[in-house]
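Structure, as structure tokens:
Just so it is clear, none of the values below were taken in a lab; they were calculated from the coordinates. This is a predicted model, so every value here is computed, not measured. Counting neighbours? That spans all protein chains shown, and the Cβs are built from the backbone with ideal geometry, glycine included.
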Amino acid sequence: MILCDIGNTNATFCNDGVISKMKLDEFKEYKTNDKIYYICVNDETKNRLKDSKNFIDLEPYFELDTIYQGLGVDRIAVCYNIKDGVIVDAGSAITVDVMMNNKHLGGYILPGIFHMLKAYENISPRLKLPINSQIALDALPQRTTDAVSYGIVKPIVTLINDIARDKNVYFTGGDGQFLSKFFKNAIYDKNLVFRSMQNLIKQKRI
């Protein structure tokens, strides 16, 4: 079974547990005879695939109890397997969603860490600095490189903690593992989306 999660930057494949990525520009030329189950948040790519017999769009099969309007299939997929907890998908954007008793209560979206770093760089070339993966959030920074990292990470962690409290926090996405270390009830699962897709295919017998 080949699964594909198509975002706005990459198409990520899962083929029997093996993960691979392809830039969207490269994916435009991708051809295959294999059956591929996919979700897609990129409208241009989705329109291109809709008439392909090999690509099966899973979005119409997902069902989530929510009153949220316009919830993207990427967020539906990460919430699909979680009965209770906070789900954080930390990629190009950071999405935060709350599930309780199999019901989606709502959520919000933040810029991803990469885009926050680019925002600092746009303010001043002197702020073109890498994220400090060891940044401490319990003391004020004493150098600029830490000040930038603190300014990015602290608000993210504070916002998530504000709604998480004692709930489990499920992390996925490229920066998920990094952010998970700031939470005592963190569960990191890099394949959370693909597990949801697999379970949906089995449950709906697609």
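When DSSP beta bridges are limited to those with both residues in the chain, what percentage is antiparallel, rounded to the nearest 5?
Roughly 60 percent of the DSSP beta bridges within the chain come out antiparallel.
Under 8 Å for C-alpha pairs, at least 6 residues apart: give me the relative contact order for the chain, rounded to a whole percent.
Once divided by the residue count of the chain, the mean separation gives 16 percent.
Considering amide H positions built from the backbone, and no H for Pro or chain starts, which residues 5 or more places from ASN168, or on another chain, come under 5 Å of its amide H?
VAL86
Give me the extension gain from LYS184 to ILE67: residue separation times 0.36 nm, minus the current Cα-Cα distance, reported in nm with one decimal.
Once the chain is fully extended between LYS184 and ILE67, it gains 39.1 nm.
When Lys and Arg each count +1 and Asp and Glu each count -1, what net charge do the other residues less than 14 Å away from ALA139, Cβ to Cβ, add up to?
It works out to a net charge of 0.
Which order do peptides 30-43, 183-196 fall in by mean Cβ count within 10 Å, highest first?
Result, highest mean Cβ count within 10 Å first: 183-196, 30-43.
Output the 0 to 90 degree angle, nearest 10, between the alpha-carbon long axis of helix 144-164 and the longest principal axis computed from the alpha carbons of the chain.
60
Can you give the charge dipole size of the chain about its Cα centre, rounded to the nearest 20 debye, using +1 on the beta carbon of Lys and Arg and -1 on the beta carbon of Asp and Glu?
Dipole magnitude for the chain comes out near 200 debye.
Relative to the Cα centre, what is the charge dipole magnitude of the stretch 1-119, using +1 at the beta carbon of each Lys and Arg, -1 at the beta carbon of each Asp and Glu, and rounding to the nearest 20 debye?
For this selection, approximately 160 debye.
Under 20 °C and 1.002 mPa s, how fast does the chain diffuse according to Stokes-Einstein, given a Kirkwood radius computed over C-alpha pairs? Answer in µm²/s, whole number.
117
Using only Cα atoms and rounding to the nearest 10 degrees, what angle (0 to 90) does helix 113-123 make with the longest principal axis of the chain?
50
ARG205: net charge of surrounding residues, Cβ under 15 Å, Lys/Arg +1, Asp/Glu -1, itself excluded?
Neighbourhood net charge equals +2.
Find me the longest stretch of the chain that has none of the exposed GluC sites (Glu not before Pro), where exposed means in a DSSP loop (not H, G, I, E or B) with at most 13 other Cβ atoms within 10 Å.
Maximal segment without exposed cleavage sites: 64-206.
Taking 35 Å as R0, compute the FRET efficiency from the Cβ-Cβ separation of LEU159 and ASP57 and round it to 0.05.
Using R0 = 35 Å, I get an efficiency of 0.65.
Compute the angle between helix 192-204 and the longest alpha-carbon principal axis of the chain, please, reported from 0 to 90 degrees and rounded to the nearest 10.
So the inclination is approximately 30 degrees.
Once amide H atoms are built 1.01 Å from N in the peptide plane, which residues 5 or more positions from ALA93, or in another chain, come under 5 Å H to H?
GLY112
Grab the other residues whose beta carbon is less than 15 angstrom from that of LEU117, score K and R as +1, D and E as -1, and report the net.
With Lys, Arg at +1 and Asp, Glu at -1, the neighbours total +1.
So, in nm, how far is label ASN42 from label LYS202 when the simple model puts each one 7 Å beyond its Cα toward the Cβ?
According to this spin-label approximation, the distance is 3.0 nm.
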